[in-house]
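Accompanying notes for the structure given below.
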Amino acid sequence: MSDASFWKTNLLTHRPSLIEDDLSAARGLPNAAYTDRDFWLFERDHVLAQTWAALAFASEVSETGVTVPIVFMGLPLFMVRDEQGRSRVFHNVCSHRGMQLVCESTPSGLTIRCPYHRWGYDLTGRLKATPNIGGMGVHEVAGFDCGQHGLKEVRSEEYLGIIFINLSGEALPLETQFQSITQRWQALAGDDFSEILVSDPGESGALELAVNCNYKLAVENYCESYHLPSIHPDLNSYSPLAQHYNLVVDNVASGQGTHSYDLGRGDAPPLPVFPHWDNERLKTGEYLSLYPNVLLGLQADHFFAIILTSDAPDKTRERLQFFYAGDDALGDATLARRQSLHAAWSQVFSEDISVVEGMQRGRASHAFEGGVFSPVMDVPTHHFHQWFARGYQ
Ligand code: FES
Ligand SMILES: [Fe+2]
């Protein structure tokens, strides 16, 4: 555990200005929230642990018995899909002597074997085999109850093609917590929109960028459209800042939307739109930072999600997947359009690297103390800081 009391005291000191509703009086998070490793561990164990955080795409554990190691802010975990088709997440450590249980992505069959002394666990984490525990050829021993030594599972659920974890096990049910987003986007994209999403398994279906910044700076940058003219002149030419609006969704997300997403841009044949999308809003695009670490984009003909994987206080991987409206959207006929979307979004997210890394460098300055907010343009960013500040009590 990190030194919780120090950071709790530190943050409680800043809290009034972080949760201040008057943006002209509010301040942002202190530099340590972006730079300090102890803060980062405190944040994992005492802020993010209380909520649902994104871990991976569901497609990464597509088959029963495939085990995938993954690290969440320094915490070793692994994912597996069980015999019922449910993805599960466990702490990646053997109950015997603490060996890392899953060291590489591999098909494990129905038994997960520790590489050290070959103890075996089933796909629900129960300890099923303890070879030679009582001496050579003796696989049981008096007083040792396998039922007491299973793997430690992490609460997890899937939503919008993403596996979320709740480390404390105490958050609201995921579907309750994200209900307002579901309702908002069902009103726009149709009740069935999340059910018909298919991820594109091809080369144009994914993107990964490594950025030298704290993941929260990627969240904050995604919250606002204020920087469009200066950082994304091309995007601003077809989806200008004046066509954007701020978005704040209860206590779970914020971001921005546009009235001028252009479905017909380019020469490539179009993609199918979501079948029950609101016809009056075909040019609407909405871009939400789903707290704490997912960036979402929804348009009439595609959806994307970016998982922000925080590898260190100043290192983040942005892992993006594209999703479309049903299997028909993935055929050869739409490949050119999917490729052009991949190219366009790759350009936009690459353009953002210089500013998120520049803000990270700025966090080394003693002259910066959380900064100030535009009362008009920074409303969604401030909302994220309020959410963060309310996450520790
Ligand atoms: S540490 Fe895993 S079986 Fe010994
Ligand atoms: Fe941007």
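Taking the conditions (1) without any contact (Cβ under 8 Å) to a residue 40 or more places away in the chain; (2) surrounded by fewer than 18 Cβ atoms within 10 Å (Cβ to Cβ); (3) touching a Ser or Thr at 6+ places or on another chain (Cβ under 8 Å) in turn, V68 satisfies each one other than (2). Pairs linking a residue in the range 220-232 that is in the same structural domain as E286 (by TED's automatic domain parsing) to a residue that is among the aromatic types (F, W, Y) and modelled with pLDDT of 95 or more, with Cβ atoms under 7 Å and 6 or more positions apart or on different chains, are E220/F384; Y222/Y287; C223/F384. Suppose the filter is at negative phi and surrounded by 17 or more Cβ atoms within 10 Å (Cβ to Cβ); does V61 pass it? Yes; evaluated as a whole, the condition is true for this residue. Of everything in the range 178-195 that is of a type in the set (D, E, K, R) and either part of a helix (DSSP H, G or I) or under 20 Å from Y291 (Cα atoms) (or both), the residue that is farthest from ligand 1 (Cβ to nearest atom) is R184.
Residues in the range 148-204 that are of a type in the set (K, R) and either out of contact with any Ser or Thr (no Cβ under 9 Å at 6 or more places or on another chain) or buried (at least 20 other Cβ atoms within 10 Å of the Cβ) (or both): R184 alone.
Restricting the first member to the range 255-271 and to residues that are assigned by TED's automatic domain parsing to the domain that holds A218 and surrounded by 19 or more Cβ atoms within 10 Å (Cβ to Cβ), and the second to residues that are among the acidic types (D, E) and part of a strand (DSSP E or B), the beta-carbon pairs closer than 9 Å and six or more apart or on different chains are G255/E286; Q256/E286; G257/E286; T258/E286. Consider the range 212-248 and keep the residues that are within 11 Å of ligand 2 (Cβ to nearest atom) and small (G, A, S). The one that is farthest from F322 (Cα to Cα) is S230. Of the conditions (1) closer than 30 Å to S374 by Cβ; (2) touching a residue at least 60 places away in the same chain (Cβ under 8 Å); (3) in contact with a Lys or Arg (Cβ under 8 Å, 6 or more places away or on another chain), M79 fails just one. Which one is it? The failed condition is (1).
How many residues does the range 277-329 hold that are surrounded by fewer than 19 Cβ atoms within 10 Å (Cβ to Cβ) and more than 26 Å from S354 (Cβ to Cβ)? Total meeting the criteria: 9. Scanning the range 196-205 for residues that are among the polar types (S, T, N, Q) and either outside any strand (DSSP E or B) or within 16 Å of ligand 2 (Cβ to nearest atom) (or both) yields one hit, S204. With respect to R118, is the statement that it is modelled with pLDDT of 95 or more, away from ligand 2 (no atom under 16 Å from the Cβ), surrounded by fewer than 16 Cβ atoms within 10 Å (Cβ to Cβ) and at positive phi true? So R118 passes the test. The numbered conditions (1) crowded, with 19+ Cβ neighbours inside 10 Å; (2) within 20 Å of L290 (Cβ to Cβ); (3) within 16 Å of ligand 2 (Cβ to nearest atom) are all true for L209 except (1).
Figure legend. Inter-residue proximity from the range 339-361: first residues within 16 Å of D314 (Cα to Cα), second residues surrounded by 18 or more Cβ atoms within 10 Å (Cβ to Cβ) and of a type in the set (G, A, S), beta-carbon distance below 7 Å, spacing 6+ or different chains. Indicated pairs: V356/A218. Residues that are β-branched (V, I, T) and either surrounded by fewer than 18 Cβ atoms within 10 Å (Cβ to Cβ) or touching a Lys or Arg at 6+ places or on another chain (Cβ under 9 Å) (or both) within the range 82-108 comprise V89, V93, T106, listed in sequence order.
The values are calculated or read from the model by the stated rules, or taken from the named source; none is laboratory data. From a predicted model like this one, the values you see are computed outputs, not experimental measurements. Every residue, glycine among them, receives a Cβ derived from its backbone with ideal geometry; neighbour counts consider all protein chains shown.
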